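The values are calculated or read from the model by the stated rules, or taken from the named source; none is laboratory data. Because the structure is a prediction, the values reported are computed rather than measured. Reconstructed Cβ throughout: ideal geometry from the backbone, glycine too, with neighbour counts over all protein chains shown.
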Amino acid sequence: MHAAVVSAALVGLAPAGALGKLVAACVVALGMAWGSNTVSHIQLHTPLFRARWQNKAYSLYLSALLGIPQSVWRARHLWHHAGEPADRPPRGWTRRTWLEGAVVACVFALLAAWSLEVFFLAYLPGYLLGLGVCRLQGDMEHAATGDPHRGVSYYGAVYNRLWFNDGYHAEHHRFPALHYSQLPHVTADVSSSVGVTESSLPPLLRPLSALVASWNAALGAALCALERLALRSEALQRFLVTSHARAFALVLAALPRAPRRIIVVGGGLFPRTVLVLARLLPNARLVVIDRSEQSIARARAYLGARGLAGRARFVQAAFDPALHCDADLVVTPLAFVGDPELLRRVTSRAPLLSHDWLWRVRGHRSAPVSRLLLKKVSLSLCPEP
C-alpha cells in the first residue's frame, strides 16, 4: 500500500502543475518518515520473516521504497541503541550495503529517465524533506532526556495504532528486542525500574510545545473561572468534593504507605484538594504551592470559615520539582500553568497524583472523577532505588 500510494502520487499528481508536485513531495516525505519509523524499524529489531533469504529480499524492497540502504539504517540505529559511543562508530559499507545502494541508485535512475521534472521537482525535494523529518523525529524522541539510552514516550491511542506503538519509546529502549505489540504491557515495569519520560505530544509535534504551554495557560484561566463559579454554589462544591474524594480514595490505595507530607500544586481559590485530603488523610501535613497571592487569600478564607484554617500551609511560589518535591506525594492540577516538562520530572522524586482528562493514558492507577466533567485522577509511582 505504501508503494502504491507513493507511485500514485508521483504518476498522478506530480505531472499536474506546482500544487501536484508539492503534494507528491509531501507524500514521499511522510512515507519516508512513517516507513522508516514503523515497518523498517520493526524489521531491523524483530524481523518479519523466519527465513533469512526472505528478510534479505524484504530489506532490498524497503531500500528501494524508502531510498535508504537498510544495512546502513540498521548499523546506524543499533549504534544509537548502544549509546552512540564515539570509539565505536557505525560500521562501513559491506557487500550487502553496496547491493542495496545499487538498488536505490537504480530507482533514482528509472525515475529520472521517466521524467526529469518529476524526479527533480517532486521526488528529490520530498526525499530530502523526508530525511529531515526522520532526523526531527529521532531528535524529539530523546530531546527531553538528554540520554541516547532513554526515549520519550507518548501514549496517544490513535498515534500508536497508526505508528505501530512507536510512541512507547522509553519502553522500546529498555526492551529493544521486544515485539512492538508487547510494548504497552511493560510500561509499569519500565516506569518502576528506570522511569519513563512522557510527552503530551507525538514526536513530530513536539516543536509545538510552546503552543501547548500557551494552551495550558488559557485552559488554566478558564478552569480558574469555573473554580470561581463553584465558590458561588454550595451544592456544586459538595458535588466536586464528593466526586474527587471517591476517585482519590481509589488511587491512593495503590501507594505503598499512607503519605505523611503532601504537596498540592495550584491549590488556591476553591481548595477542594485540601478538603478531600483532609477527609481521607487526617494525619497528613498539607503544603499548597500557588503562584497567585489572590488565590491563596481566597483559599485561606474558605478554609477558615469552615474551621480548617490550620489544615494546610500555603506557599506563594511557582512550582519547581527541584525545590518542592520533598514529600510523600505531589498533587498537580488539570491545567498546570508552566512548562509541562516540569511535571514529568516529579516522579523521579516523589509519587505524582495528577488531575487528568478521561481519555489520557498514564500512571500506574487511575480512577474517574466524573464523566460529566471528563476528568479522572492518575497516580504515577516513582521508580524504586
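Data overview
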{"read-out": "Residue within segment 124-139 that is of a type outside the set (Lys, Arg) and in contact with a strand residue (DSSP E or B) (Cβ under 9 Å, 6 or more places away or on another chain) present", "value": "no"}
{"read-out": "Pick from segment 224-241, criterion aliphatic (A, V, I, L, M) and under 35 Å from the mean Cα position of the chain (by Cα), ranking: farthest from residue 265 (Cα to Cα)", "value": "236"}
{"read-out": "Yes/no for residue 155 being in the same structural domain as residue 37 (by TED's automatic domain parsing), assigned to a helix (DSSP H, G or I) and crowded, with 17+ Cβ neighbours inside 10 Å", "value": "no"}
{"read-out": "Those residues of segment 335-352 which are modelled with pLDDT of 75 or more and assigned to a helix (DSSP H, G or I), in sequence order", "value": "346"}
{"read-out": "Boolean, residue 112 is assigned to a helix (DSSP H, G or I), assigned by TED's automatic domain parsing to the domain that holds residue 17 and free of Cβ contacts under 8 Å to residues at least 24 places away in the same chain", "value": "yes"}
{"read-out": "Breaking point among (1) in a helix (DSSP H, G or I); (2) under 14 Å from the mean Cα position of the chain (by Cα); (3) at pLDDT 95 or above, for residue 170", "value": "(3)"}
{"read-out": "Whichever residue in segment 72-106 is within 28 Å of the chain's Cα centre (by Cα) and part of a loop (DSSP other than H, G, I, E, B) and, among such residues, is surrounded by the fewest Cβ atoms within 10 Å (Cβ to Cβ)", "value": "85"}
{"read-out": "Qualifying residues in segment 1-22 (those that are over 34 Å from the mean Cα position of the chain (by Cα) and loosely packed, with under 13 Cβ neighbours inside 10 Å) - the one modelled with the lowest pLDDT", "value": "16"}
{"read-out": "Condition check for residue 220: in contact with a helix residue (DSSP H, G or I) (Cβ under 6 Å, 6 or more places away or on another chain) and either of a type in the set (Lys, Arg) or at pLDDT below 80 (or both)", "value": "no"}
